[in-house]
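Trainee: Right, I'll just put the structure down here and ask away after.
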Amino acid sequence: MNAVARSSSPRRSRKKFDRQVDAVMWASRALVGIAAASVAEVEDRVSIPHLRILVLVGTRGPLSLAVIADELAVDPSNASRAVDKLIKAGLLDRRDAPDDRRRLAMTLTQAGADLVQTVTDHRRDAIAAVLKRLTAAQRDDLAAAFDTFAVAAGEPTTNDALTLLGPIRP
């Protein structure tokens, strides 16, 4: 291999990688738009931070205030104020923890579960509408690529698309 071919290979590789990053960013804009539209369905009832708490409790089961604060990377007093607002709104319930009655655990009320389901349904319907524009083979390829990407990003391996409301910690 001559010197010119060797020196251009890293440059070509970098350009290809940059195109790959751009493609993922382009797709992420579409997904963020879908997510934003789904959140808009309930923005008159809860803020995004409050929705994050509801999703966290809904996807992980009864949680203590300390776990909620830790998972959201906020001060426990901020988490406590947010949880209190959600309890007053009838979206969360505070009960004895199932594994330790000395501790309290937050659970979704039916209204809280319904609100989270509204967001989930909207997001699922919007994604399904986009996927219907693809062939079956394209959908298979896309699903495999997104599975790989999600695992590489450290996403939990659940079927709940709403876990994306939280930040990914590098």
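Nothing in this text is a laboratory measurement; each read-out follows from the coordinates by a stated rule. Here the structure is a predicted model, which is why all the values come from computation and not from measurement. Glycine gets a Cβ as well: all are built from the backbone with ideal geometry, and neighbour counts include every protein chain shown.
Trainee: So, R0 is 35 Å and r is the distance between the beta-carbons of ILE87 and PHE17; what FRET efficiency does that work out to, to 0.05?
Mentor: The formula returns an efficiency of 0.15 here.
Trainee: Compute the FRET efficiency between PHE149 and SER47 as 1/(1 + (r/R0)^6), taking r as their Cβ-Cβ distance and R0 = 30 Å, and round to the nearest 0.05.
Mentor: E between PHE149 and SER47, to the nearest 0.05, is 0.60.
Trainee: If each of SER77 and ALA136 carries a label point 7 Å out from its Cα toward its Cβ, how far apart are those two points in nm?
Mentor: Label-label distance for SER77 and ALA136, simple model: 5.9 nm.
Trainee: Set the Förster distance to 45 Å, then compute FRET efficiency between ARG29 and ARG103 from the Cβ-Cβ distance, nearest 0.05.
Mentor: 0.60
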